[in-house]
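> This structure is in structure tokens; I'll ask about it shortly.
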């Protein structure tokens, strides 16, 4: 794979050892180029403006501003930049997705899985750590009216979105045209009052729809 097609990644973590470990893990893969590192939020925003990364791997716990705030600021300044939260903590999932994160992974992830997640985010998918059902239950409304608001097909599409399926993949598995899938996805967004796939997944877990 040529250098011009590599996925440009920025590492944001206040621990140098963590950044060095991530760099070593990622640079083995020929499809990824680690273009920079930042140890705090202000440095991350500056680096993003200079380096224009495709994907930012973001820690949550950092001095002064945290990774949630950093994600919100990054998405406001550079909407095309995709942020994956890479953290030790499960409990900030909903906040991270609401702030604009495209993925949420735990730091014990294997190298191959992390590389796959970065590729998935670049392709518009939503990689998520297999967080426990007990955790998601904390955010559940368990409202039958919410479930009834989505059709059976829309619920299936929503589950496939949560699994990271693309529009094309959903169409192929459900024998639907891409245009039909896109209309279904937009209907889901409208009914859940969200703007994108990441928010739809977060809202679906919050309402316990999937």
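> Considering (1) part of a loop (DSSP other than H, G, I, E, B); (2) at pLDDT 85 or above; (3) touching a helix residue (DSSP H, G or I) at 6+ places or on another chain (Cβ under 7 Å); (4) surrounded by fewer than 16 Cβ atoms within 10 Å (Cβ to Cβ), say which one residue 108 fails and leave the rest.
(3)
> Going through 193, 169, 199 one at a time, which residue ends up being modelled with pLDDT of 80 or more and exposed (fewer than 14 other Cβ atoms within 10 Å of the Cβ)? Step through it out loud before you land on a result.
On the way: 169 fails: exposed (fewer than 14 other Cβ atoms within 10 Å of the Cβ); 199 fails: exposed (fewer than 14 other Cβ atoms within 10 Å of the Cβ).
Going through 193, 169, 199 in turn, the sole match is 193.
> Right, another one. For region 11-39, give me the residue count where each residue is within 17 Å of residue 85 (Cα to Cα) and touching a helix residue (DSSP H, G or I) at 6+ places or on another chain (Cβ under 6 Å).
8
> Within region 73-92, which residues are in contact with a helix residue (DSSP H, G or I) (Cβ under 8 Å, 6 or more places away or on another chain) and over 18 Å from residue 14 (Cβ atoms)?
Once the filter is applied, which keeps residues that are in contact with a helix residue (DSSP H, G or I) (Cβ under 8 Å, 6 or more places away or on another chain) and over 18 Å from residue 14 (Cβ atoms), region 73-92 yields 75, 77, 78, 81, 82, 90, 91.
> Is it the case that region 111-124 has a residue that's at pLDDT below 95 and over 23 Å from residue 169 (Cβ atoms)?
Scanning region 111-124, I find at least one residue that is at pLDDT below 95 and over 23 Å from residue 169 (Cβ atoms), so the answer is yes.
> Still on this model: Could you tell me which of the residues 86, 74 is modelled with pLDDT under 95, buried (at least 19 other Cβ atoms within 10 Å of the Cβ) and assigned to a helix (DSSP H, G or I)?
Within the list 86, 74, the selection yields 74.
> If you check 25, 58, 39, 62, which single one turns out to be over 27 Å from residue 203 (Cα atoms) and touching a residue at least 40 places away in the same chain (Cβ under 8 Å)?
Numbers: 58 fails: over 27 Å from residue 203 (Cα atoms); 39 fails: touching a residue at least 40 places away in the same chain (Cβ under 8 Å); 62 fails: over 27 Å from residue 203 (Cα atoms).
After applying the criteria, what remains is 25.
The values are calculated or read from the model by the stated rules, or taken from the named source; none is laboratory data. Since the structure is predicted, the reported quantities are computational estimates derived from the model, not experimental observations. Every residue, glycine as well, gets a Cβ built from its backbone with ideal geometry; the counts of neighbours run over all protein chains shown.
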